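What follows is a short report on a single structure.
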Amino acid sequence: MALYLLFEAASGYALFTAEGLDEIGQNTEAVKSSVTDLTRFGKVAKLVSFHPYKSALDALTQCNSVSDGIMTDELRNFLEINLKVKAGKKPKFSLGVSEPKLGSHIYEVTKIPCQCNEFILELLRGVRLHFVTFLQQMKPGDLEKAQLGLSHSYSRAKVKFNVNRVDNMVIQAIFLLDTLDKDINSFAMRVREWYSWHFPELVKIVNDNYLYAKIAKFIEDKAKLSDAQIPELTDIFGDEDKAKEVVEAAKASMGQDVSPIDLINVQNFAQRVIDLSEYRKKLHEYLISKMNDIAPNLASLIGEIVGARLISHAGSLTNLAKCPSSTLQILGAEKALFRALKTRGNTPKYGLIFHSSFIGRASARNKGRMARYLANKCSIASRIDCFAERGTTVFGEKLREQVEERLDFYDKGVAPRKNIDVMKAAIDHAGNKDDDMDVEAPHTVPSVKKSKKKKSKSEVATDGEPMAEDKPAANGNGDASEDVKSEKKKKKEKRKQEEQEQVVEKANGVNGVDAEGDGAAKKKKKKSKDQDVEDLLAVNDGKKKKKKSRSED
C-alpha cells in the first residue's frame with residue numbers, strides 16, 4: 001500500500017510520497033536516526049504536488065482550520081485532484097497527517113484513509129527539516145519570512161479576547177490588593193510606633209490606621225495643638241468629642257520632644273501611608289467593577305473579593321468553570337487535604353469559600369453542609385459567567401436566594417424551593433430583561449397591533465367563531481423581534497398565544513351566543529338528561545323481567 005504525506009507549510013500545502021522505506025527503516029527509532037541525513041531521506045520522500053496559499057490572510061485561515069481539525073475547501077480540492085478514490089473500491093493508498101482530528105474529517109468527507117502515529121510524525125519531521133531542498137522554486141529566506149509572518153498572525157489571532165472580560169486583570173488586582181493590605185498594615189504600625197515617642201496617648205484614642213496617619217500628619221508638634229484647631233480635627237474625625245479628647249491629651253502628654261527634622265520624616269512617612277490607603281480604596285472599587293463585568297453571577301452570589309480569590313487560585317475563569325464543585329469547595333486548602341490523605345485523617349470541609357458570610361452564619365454542625373451546597377452554586381454561577389454570551393446578575397441573585405433558603409432550612413426547618421423552579425424563574429426573568437434591552441419597536445407598531453387586536457375581537461364578537469387568523473397576524477407583526485429572539489423564546493411565545501386563543505375560545509363559547517341560544521342549549525341538555533334517565537329505567541326493567549323468568553323456570 002502506497003503511503004502519502006500531507007505537509008502544511010507556511011507557504012502552502014505539499015503532498016509527498018514515501019517510497020522505499022527500507023532505506024531508513026520501518027520502526028520509529030530507525031527513522032529518528034535517519035531523517036537528519038538528506039541523502040538517505042531524499043530517496044524515500046518525493047514531492048508529488050504543491051499548492052501555495054493565495055495571501056497571508058488565506059494562510060492564516062488555513063492554519064486555523066488545520067489546528068481545529070477541519071478540512072477546508074482548498075485542501076479538499078487539492079487532495080481530490082492528486083488522490084483519486086474510485087467509488088465502491090477500497091483505495092490502495094493511505095495518507096499520513098499530523099493531526100488525528102484532521103485525518104478523521106478528511107476520511108469522513110473524501111473517504112481517503114488517513115493515519116497518524118509516531119512513525120508518520122517522524123517522517124513529517126524529516127519533510128519539515130528538508131522542505132527547502134524539495135521545493136527548488138523557493139528562494140533562500142522566503143520560507144523563514146513566511147513562517148515568521150504566519151506565526152505572528154496566528155499568535156495574534158489566538159490571543160484575541162474581549163477587553164471587558166479579561167480575567168487576568170482580576171487575578172493581578174486581587175494579588176496586588178493582598179500585598180497592599182500587608183504593606184499598609186506594617187507601615188501603619190511603623191507610623192504608630194514612631195510617632196508614639198512624641199505623642200503616646202494618641203494610640204489609645206485612635207484605633208484606625210488610616211485615621212491615625214491623617215491625625216499624626218495634621219498635628220505634627222503636639223505643643224502647638226490648641227483649642228482653635230478643634231474644628232479641623234472634627235472634620236477629620238467626624239466627631240467633636242474625639243477632637244476635644246485629642247486636644248486635652250496633647251496638653252497633658254508624657255511624650256518626649258522631637259526635633260523638627262524627625263517630625264518632617266514622620267510626616268512624610270505618614271503621607272505615604274495615607275496615599276497607599278487611598279490607592280487601596282480605588283483598587284478595591286476597580287476590582288468590584290471588573291468582577292461585575294467578568295463574573296457578575298459569581299460576584300452577586302459569593303461577593304467580589306471571594307470570587308476574585310477563587311478565579312486567581314484556579315488560574316482563570318475558564319479553569320474555575322471546568323472544576324467540579326467538590327474541587328471548588330476545597331480550593332485554597334490543598335496542604336490540609338494532602339496532609340489529611342497522608343495521615344489518613346479528616347479531609348478539610350472548605351477552602352477559600354470559608355471567607356463567605358454564608359459559612360460564618362451557619363451553625364458548627366452545618367458548616368460542612370453549607371460549604372458543599374455553596375460550592376455547588378458557585379460552580380453553576382462560574383459556568384454561566386464563562387460560557388454565557390451576555391453578562392447578567394439574574395442567575396447569581398437567584399442562586400443567592402437559594403443559599404439563603406438553605407440556611408433557613410438548616411436553622412428553622414423551612415422547606416426551600418426546588419432548583420428547577422428557581423432556574424425557570426431566572427431564565428424567564430433574564431429573557432424579559434433581554435427583550436426590554438434588545439427589542440426596541442417603532443412607535444407606530446403598537447398602534448397597528450392594537451387595531452388588529454380590536455378587529456379580531458370585533459370579528460369574534462360578531463361571528464362567534466374562534467380566532468383562527470389571529471396567530472399568523474401576530475407572527476407577521478413580530479418579524480422585527482424574531483431575528484433577535486432565540487428558539488426557546490419563540491416556543492414560549494407560541495405557548496402563550498395558544499393559551500390566549502384557548503381563553504378567547506372559551507369566552508366566545510360563553511359570551512358570543514345569544515340568550516335564546518342559551519335557553520335552547522339548556523333545554524337540549526335537560527332533554528338529553530331525561531332521555532338518559534329513561535334509558536337507565538328501561539334497562540333495569542328488562543333485567544328484572546329476565547330474573548323473574550329464570551325464577552319461574
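The values are calculated or read from the model by the stated rules, or taken from the named source; none is laboratory data. All of these numbers come straight from a predicted model, not from anything done at the bench. Every residue, glycine among them, receives a Cβ derived from its backbone with ideal geometry; neighbour counts consider all protein chains shown. Calculation scope for accessible area: heavy atoms of the full protein, side chains included, ligands and nucleic acids excluded. Shrake-Rupley method; radii C 1.70, N 1.55, O 1.52, S 1.80 Å.
Once ligands and nucleic acids are excluded and a 1.4 Å probe is used, how much of GLU498 is accessible, expressed in Å² to the nearest 10?
About 90 Å², ignoring ligands and nucleic acids.
Please quote Rg/Rh for the range 1-86 to two decimal places, taking the Kirkwood radius as Rh and restricting both calculations to Cα atoms.
1.03
Going by amide H atoms built from the backbone, whose H comes under 5 Å of the H on LYS46, apart from near neighbours?
Amide H to amide H, under 5 Å and 5 or more residues apart or across chains, LYS46 pairs with THR17, GLU19.
What are the chymotrypsin sites (Phe, Trp or Tyr not before Pro) within the range 132-223 that DSSP puts in a loop, where the Cβ has at most 16 other Cβ atoms within 10 Å?
Values: sites: PHE134, TYR154, PHE161, PHE175, PHE187, TRP194, TYR195, TRP197, TYR210, TYR212, PHE218; in loops: PHE161, TRP197.
Passing sites in the range 132-223 are PHE161, TRP197.
If you count the DSSP beta bridges with both ends in the range 1-160, what percent of them are antiparallel, to the nearest 5? Kindly include the intermediate steps, with their values, before the conclusion.
Details: 13 of 19 bridges.
Beta bridges within the range 1-160, antiparallel portion: roughly 70 percent.
Ignoring any ligand, DNA or RNA, what whole percent of the accessible area of the range 329-379 comes from carbon and sulfur when the probe is 1.4 angstrom? Could the numbers behind the result be given before it?
On the way: 1570 of 3010 Å².
Heavy-atom surface of the range 329-379 belonging to carbon and sulfur, 1.4 Å probe: 52 percent.
Based on the alpha carbon coordinates of the range 236-386, what radius of gyration and maximum Cα-Cα distance (Dmax) apply, in Å?
Reported Rg and Dmax, both Å: 23.1, 64.
Whole-Hz Karplus ³J(HN,Hα) for the range 287-299, in order, using 6.51 cos²θ - 1.76 cosθ + 1.60 and θ = phi - 60°, x for Gly and Pro?
5, 5, 5, 5, 5, 5, 7, 8, 10, x, 5, 5, 5
What accessible surface, in Å², does a 1.4 Å probe find on LYS158, ignoring ligands, DNA and RNA and rounding to the nearest 10?
That residue has around 110 Å² of solvent-accessible surface.
Please list, in order along the range 414-420, the HN-Hα scalar couplings obtained from phi with the Karplus expression 6.51 cos²θ - 1.76 cosθ + 1.60 (θ = phi - 60°), rounded to whole Hz, x for Gly and Pro.
Values per residue, Gly and Pro as x: 6, 5, x, 6, 6, 5, 5 Hz.
Which log10 I(q)/I(0) values does the range 28-141 give at q = 0.13, 0.21, 0.24 Å⁻¹ under the Debye formula, counting every alpha carbon as one identical point scatterer?
Results for the range 28-141 at q = 0.13, 0.21, 0.24 Å⁻¹ read -0.60, -1.38, -1.45.
Regarding the range 92-150, what are the three Cα extents along the principal axes, ordered largest first, in Å?
Extents along the principal axes: 37, 22, 20 Å.
Within the range 90-116, list the residues whose amide N lies under 18 Å from a label point set 7 Å along Cα→Cβ of ARG76.
Answer for this model: 101-114.
Once amide H atoms are built 1.01 Å from N in the peptide plane, which residues 5 or more positions from CYS114, or in another chain, come under 5 Å H to H?
Amide H neighbours of CYS114: LEU95.
For TYR13, enumerate residues with amide H under 5 Å from its amide H, sequence gap 5+ or separate chain, H modeled in the peptide plane.
Counting only residues 5 or more places away or on other chains, the set is HIS51, TYR53.
Quick one: 3J(HN,Hα) in Hz for the range 141-158, Karplus 6.51/-1.76/1.60 with θ = phi - 60°, rounded, Gly and Pro as x.
Each residue's phi maps through the Karplus curve to give x, 5, 5, 5, 5, 5, 5, 5, x, 5, 5, 5, 5, 5, 5, 5, 6, 6 Hz.
What order do GLU397, GLU404 take when sorted by accessible area (1.4 Å probe), most exposed first?
Values: GLU397 85, GLU404 55 Å².
Accessible-area ranking of GLU397, GLU404, largest first: GLU397, GLU404.
Might you work out the accessible area of GLU401 for me, using a 1.4 Å probe with all protein chains in place, and round it to the nearest 10 Å²?
So the heavy atoms of GLU401 present about 80 Å² to solvent.
Please compute, over every Cα-Cα pair in the range 174-225, the percentage with a separation greater than 18 angstrom.
Working: 435 of 1326 pairs.
When all Cα pairs of the range 174-225 are counted, 33 percent exceed 18 Å.
Percent of Cα-Cα pairs more than 24 Å apart in the range 172-290, please. It would help to have the intermediate numbers written out before the result.
Details: 2115 of 7021 pairs.
When every Cα pair of the range 172-290 is considered, 30 percent fall beyond 24 Å.
Quick one: Debye curve from the C-alpha atoms of the range 235-314, no solvent, what's log10 I(q)/I(0) at q = 0.15, 0.18, 0.19, 0.25 Å⁻¹?
-0.77, -0.87, -0.91, -1.15
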